[in-house]
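The structure appears right after this line, and notes come after that.
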Ligand SMILES: O=c1ccn([C@@H]2O[C@H](COP(=O)(O)O)[C@@H](O)[C@H]2O)c(=O)[nH]1
């Protein structure tokens, strides 16, 4: 999917919501456990109830890998369902990969070609040759971890390296990578006050912003400091939406939570 198409969807739906499909069988409604594939049954119900309120879905691969081959099959069914039924939706494999070049190429093929995701999250730590294999794929997006939402972000990401915080080095150096127009960045909603400085370095790049909802980040602050001329934001909520209820009405309850965020997003878009 091109960035222009994504921006068009954001304007049309008045939403830059990304719903995280972090599907955990300990948390899904009990009646679904009788289904042949309870993970997919849960995801399908959530997607059907919420697709008009969001522009992206982000399965975190950990939640699928944890269930072995059945989990991976559920991930495959989920992305196939999205691509077949809702091709206007931007899809993110939150896999946090990155390795030596030939290995990164295999990861890129797995997520972009075999599974057919629009984007994948990548750790920048191994540098240029670990990231560029992902960037080589046209109309696919590589979402680099810049400043993450967790407390441990302060262990390394904000440390000074050659006179500059490491996360700023990641932003600046990655701009020099081949096909860097295919880059997006992860910045946690819990780090919203850093967004002004981040926008000075990458004024127009899209940011995937996890951390509203369960982690306590503020959507208003993210928009205040992080919204760019082309919106430039995909704000993710996972647990806050998909586990709104553990009863039979779970999909409707998730749609209500998604609608609350979409309406706040619509207001933020109208402010500009
Ligand atoms: O900095 C980061 C990077 C990734 N994540 C992931 O996003 C979701 C957040 O889930 P919530 O339930 O809305 O808190 C989850 O998959 C994380 O692994 C992040 O939180 N922060």
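Derivation of every value follows stated rules applied to the coordinates shown; laboratory data play no part. The structure displayed is predicted, hence computed values, not measured ones. Neighbour counts run over all protein chains shown; Cβ positions are idealised from the backbone, glycine included.
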*Mind ranking 169-180, 137-148 by how tightly packed they are, going by the mean number of other C-beta atoms within 10 angstrom, highest first?*
137-148, 169-180
*Can you give me the relative contact order of the stretch 57-141 as a percent, contacts being Cα pairs under 8 Å and 6 or more apart?*
28
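Taking the DSSP beta bridges in the stretch 165-249 as the whole, what percent of them are antiparallel, to the nearest 5? Mind showing how you got there, number by number?
Numbers: 1 of 8 bridges.
Beta bridges within the stretch 165-249, antiparallel portion: roughly 10 percent.
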_Between 114, 37, 26, where does the largest GNM mean-square fluctuation fall for the chain, given springs only between Cα atoms within less than 10 Å?_
26
*How high is the FRET efficiency from residue 150 to residue 176, r the C-beta distance, R0 25 Å, rounded to 0.05?*
0.35
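Below 8 Å, C-alpha to C-alpha, sequence gap of six or more: please give me the relative contact order for the chain in percent. Don't skip to the end; give the middle numbers.
Working: 486 pairs, mean separation 57.8, N = 272.
The value is 21 percent.
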*How big is Rg to Rh over the stretch 129-227, alpha-carbon atoms, Rh as the Kirkwood inverse-mean-distance radius?*
0.96
_Segment residue 83-residue 162, extension gain: residue separation times 0.36 nm, minus the distance between their alpha carbons_ = 24.1 nm
*Just check the stretch 1-104 against the gyration tensor rule for me: Cα atoms, a ≥ b ≥ c as the square roots of the eigenvalues, rounded for a/c under 1.5, and otherwise prolate or oblate depending on whether a/b exceeds b/c.*
oblate
_Sorting check: for 101-112, 117-128, which peptide has the highest mean count of neighbouring beta carbons within 10 Å, and how do the rest follow?_
117-128, 101-112
_Over all directions, how big on average is the projection of the convex hull of the alpha-carbon atoms in the stretch 207-246, in square nanometres?_
2.9
*Compare the peptides 155-165, 49-59, 247-257 by average per-residue count of other Cβ atoms within 10 angstrom and give them in order, highest first.*
49-59, 247-257, 155-165
*Describe numerically, in nm with one decimal, the distance between label points set 7 Å from Cα along Cα→Cβ at residue 200 and at residue 126.*
3.3
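Would you mind computing Rg(Cα) / (2.2 N^0.38 Å) for the chain, counting N as its residues?
Working: Rg = 17.8 Å, N = 272, 2.2 N^0.38 = 18.5 Å.
Rg over 2.2 N^0.38 Å, computed on Cα atoms: 0.96.
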_Can you tell me, using C-alpha contacts under 8 Å and at least 6 residues apart, the relative contact order of the stretch 1-125 as a whole percent?_
24
